[in-house]
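The values are calculated or read from the model by the stated rules, or taken from the named source; none is laboratory data. Source: prediction; values computed, not measured. Positions of Cβ are backbone-derived with ideal geometry, glycine not excepted, and every protein chain shown enters the neighbour counts. Areas reflect the complete protein model, heavy atoms only, side chains present, ligands, DNA and RNA absent. Shrake-Rupley method; radii C 1.70, N 1.55, O 1.52, S 1.80 Å.
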Amino acid sequence: MTYQNYSLKQLQQIDAAHHLHPFTDHKDLRDAGTRIVTHAKGPFIYDSEGNEILDGMAGLWCVNIGYGRDELAEVAAEQMKELPYYNSFFKCTVPTAALLAQKIASLAPKHINQVFFGSSGSESNDTALRIVRHYWALEGKPEKNRIISRKNAYHGSTVAGTSLGGMEGMHGQLGGAVPNIVHVMMPYAFELALPGESDHDFGLRAAKSIEDAILEAGPDKVAAFIGEPVMGAGGVKIPPASYWPEVQRICRKYDVLLMLDEVITGYGRTGNWFAAETFGVEPDTITTAKALTSGYLPLSALLVGDRIASTFIEKGGEFYHGYTYSGHPVCCAVGLRNLEIIEQEGLVERVRDDTGPYFAQALRERISPHPLVGETRSVGLMAAIEIVADKATRARFEPAGSAAVIVRDYAIANGMMMRATGDSMILSPPLIWTRDTIDLACDRILKALDLALTDLKPAS
Ligand SMILES: *Cc1c(COP(=O)(O)O)cnc(C)c1O
């Protein structure tokens, strides 16, 4: 690779001089310096100092089949030689886009048979918002356009993604959100359940906040509810089992569409191809991206249910929306091969029947008892570890978020890549993890927690 002519220090200097990183304090980064990740293989990433780090985040929730899959490189090279690019505008298509759309439809819930491609989760949520509002316009109800979302939701970082999302810090820098989007409470029992309230009752109460928002606006003004089946960037918040069926019941009662953002949960992470199945709901749209290509190339797919698609097809009229790279032939070729690999290796079933339950048990038995841990929770291969100052009261260390950062830094220094959001440590490893990989991860997490204990003084 060309960069091998440069020293580590030179690369860091060049990066600081020219590269503005995403979600970064640019001053802080220049003081602290960057870690340069140079290569990766299977479940491990390697940095320029030769450290081997177990990647508990699958990149950024995406490298589900692990690193170093030459087949994806080969399929991309072949497609690039044959047809590197053509658009799907003007009544054209490309073979790999058609075939990938068919493949996704075959894996999706039965009532979903159409796919709209983009290049990122943010773009795909933009598409979802446009499609849902246009659907109601085509149905003669253009005023039925309000979207209900949730506080602390993450739906991407474009203007539409930020507006749909419920992250306060991001809204603060937006200078005006897309109008007519409201945010209700999140289903986060660990912090929001009332004393003595059961998970079941809390789930119903969280769902009720959606009904309240529908009634406040009037059902004829509400287009859809959007939610991540499990809030990811917001801290792997797994709702109680009562939540999603109740959300669906409420949406149906008031004829409000249900939009799932499965950018993280899509393609196997929760032990089913889609978390819609895991949580027993039938959404009208499903946003997907990340694991669709296991991150090897940028590609997103909005899955569009029959109700919306048939209105678009019956009523006609051009829908003025799409991207230069919608249905990019190389990305679609890689997506197809990636899904075939997930299928051939039985990764979804493995997560459902073996590694998912084993992961949950390992977290419960090995991590939960630690003095710094208030709760562990997981579904399939996504998990959170709550860091607390007091196991009994769930009080946090001051200032908020500081303790998790200490744990994270020790984890990375000890070969375990995991993230901290607020005071939650989060994990979303590649689906190729085995029981042995889970054991290794737990060893390293425990070591990080023990080291953090030397800096932090829990109450009991
Ligand atoms: C990552 C993510 C997005 C945004 O995807 P990008 O590809 O970064 O635009 C949207 N929704 C969820 C749930 C995500 O995790």
Over the chain, average the accessible area per residue using a 1.4 Å probe and give it in Å², no decimals. 44
Candidate residues R69, R252: accessible-area rank, largest first, probe 1.4 Å: R252, R69
Give the long-range amide H neighbours of R419: residues separated by 5 or more places, or on another chain, with amide H under 5 Å away, using H modelled in the peptide plane at 1.01 Å from N. I426
Using amide H atoms built 1.01 Å from N in the peptide plane, name the residues 5+ places from I264, or on other chains, whose amide H lies under 5 Å from its own. none
Please go through region 342-407 and write out the trypsin sites (Lys or Arg not before Pro) that DSSP classes as loop and that have at most 16 other C-beta atoms within 10 Å. R394
For the table K208/K315; K9/K457; K151/K290, the rows whose alpha-carbon distance is greater than 25 Å are K208/K315; K9/K457
State, to one decimal in nm, how far the label point of A77 lies from the label point of Q13, with both points 7 Å from Cα in the Cβ direction. 3.5
So, with a 1.4 angstrom probe, what is the percent of accessible area on the chain that is carbon and sulfur? 54
About its Cα centre, how strong a charge dipole does the chain have in debye, to the nearest 20, once Lys and Arg get +1 and Asp and Glu get -1 at the Cβ? 520
For the chain, what relative contact order do you get, as a whole percent, if you take Cα pairs closer than 8 Å and at least 6 residues apart? 19
Given the chain, longest segment not containing exposed loop GluC sites (Glu not before Pro) (DSSP; at most 10 other Cβ within 10 Å): 50-317
Length gained, D409-F312, 0.36 nm per residue minus C-alpha separation, equals 29.9 nm
Simple SL model, points at 7 angstrom along Cα→Cβ for L215 and R252; separation in nm is 2.0
Per-residue ellipticity at 222 nm for the chain, helices alone: DSSP H runs ≥ 4 residues times -39500 (n - 2.57), over residue total, nearest 500 deg cm²/dmol? -12000 deg cm²/dmol
Options W61, A224, G166, ranked by Cα towards positive dipole end of the chain, top entry (Cβ charges): A224
Where labels lie 7 Å past Cα in the beta-carbon direction, separation of E49 and V178 in nm: 4.2
